[in-house]
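The values are calculated or read from the model by the stated rules, or taken from the named source; none is laboratory data. Note that the structure is a prediction, hence the values are computed from the model and not measured. Don't worry about glycine lacking a Cβ; one is built from the backbone with ideal geometry, like all the others, and counts go over all protein chains shown. To get the accessible areas, we keep the full protein, side chains included, count just its heavy atoms, and leave off ligands, DNA and RNA. Shrake-Rupley method; radii C 1.70, N 1.55, O 1.52, S 1.80 Å.
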Amino acid sequence: SQQGEEDPQALSIQEGENATMNCSYKTSINNLQWYRQNSGRGLVHLILIRSNEREKHSGRLRVTLDTSKKSSSLLITASRAADTASYFCATDAMPGSARQLTFGSGTQLTVLP
Amino acid sequence: DVKVTQSSRYLVKRTGEKVFLECVQDMDHENMFWYRQDPGLGLRLIYFSYDVKMKEKGDIPEGYSVSREKKERFSLILESASTNQTSMYLCASEWGDPGDTEAFFGQGTRLTVV
């Protein structure tokens, strides 16, 4: 079953613009993570935000978490063509659930040069 | 750096063949996972393991089995490959305490069953 659902499914922007992707989930979580996947490759961990955090920064990445709305957003500022990839959110459920990350279906980001 | 290595990047197998996908991690992680990834469906968990000789079914275990004889190696087995098992297969190992986990993925195996 899908825990995280990304929105939009696909996003196309010009280089230099900001890209915002959203993730909604259903159950209580310990943390939420964002991953990136280049075409045909494995996933790479980008950033983790804990349930008691509201915002986190890492380089050009900014992640927010709203546990009352069960949603998160990933903002990539000043995008580059090399940011073209699929982006996935993954949720780490609260204790008592099976210990596993549950991934959404991803947002395909295309950054046009 | 953590390394998760899958034995093949690309595989082509015939219907009915027994297929082994191997995954090895070098960081002594206890938790390992097999996912398949299909367009529009995201990552779906097939099987996972929290310890040697331990395995649990994920969301879509039918048609698959796994083996974890050593901590560093987690194998996915397609007992009798079928065309609907054509997919990208991703192995991951997981680090961290409950509530603070991070997954490390292999590069993926694209399996085509003909």
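Cα-based Rg of the range B:40-86 per 2.2 N^0.38 Å, rounded to two decimals?
Dividing the Cα Rg of the range B:40-86 by 2.2 N^0.38 Å gives 1.21.
Summed for both chains, how many Å² of accessible area, to the nearest 100, are buried between B and A with a 1.4 Å probe?
Summed over both sides, the interface buries about 2000 Å².
Going down the table (A:LYS69/B:LYS55; A:LYS70/B:LYS57; A:LYS26/B:LYS70; A:LYS69/B:LYS53; B:LYS13/B:LYS57), which pairs top 32 Å between alpha carbons?
A:LYS69/B:LYS55; A:LYS26/B:LYS70; A:LYS69/B:LYS53
Provide the packing ranking of B:63-75, A:81-93, B:36-48, i.e. peptides ordered by the mean count of other C-beta atoms within 10 Å per residue, highest first.
Result, highest mean Cβ count within 10 Å first: A:81-93, B:36-48, B:63-75.
Can you give the accessible area per residue of chain A, in Å², using a 1.4 Å probe?
Numbers: 5210 Å² over 113 residues.
Here the per-residue accessible area is 46 Å².
Using the heavy atoms of the protein chains alone and a 1.4 angstrom probe, what is the accessible area of the range B:4-113 per residue in square angstrom?
46 Å²
Kirkwood hydrodynamic radius, the range A:5-112, all distinct C-alpha pairs: what's the number in Å?
After inverting the mean inverse Cα-Cα distance, the result is 13.9 Å.
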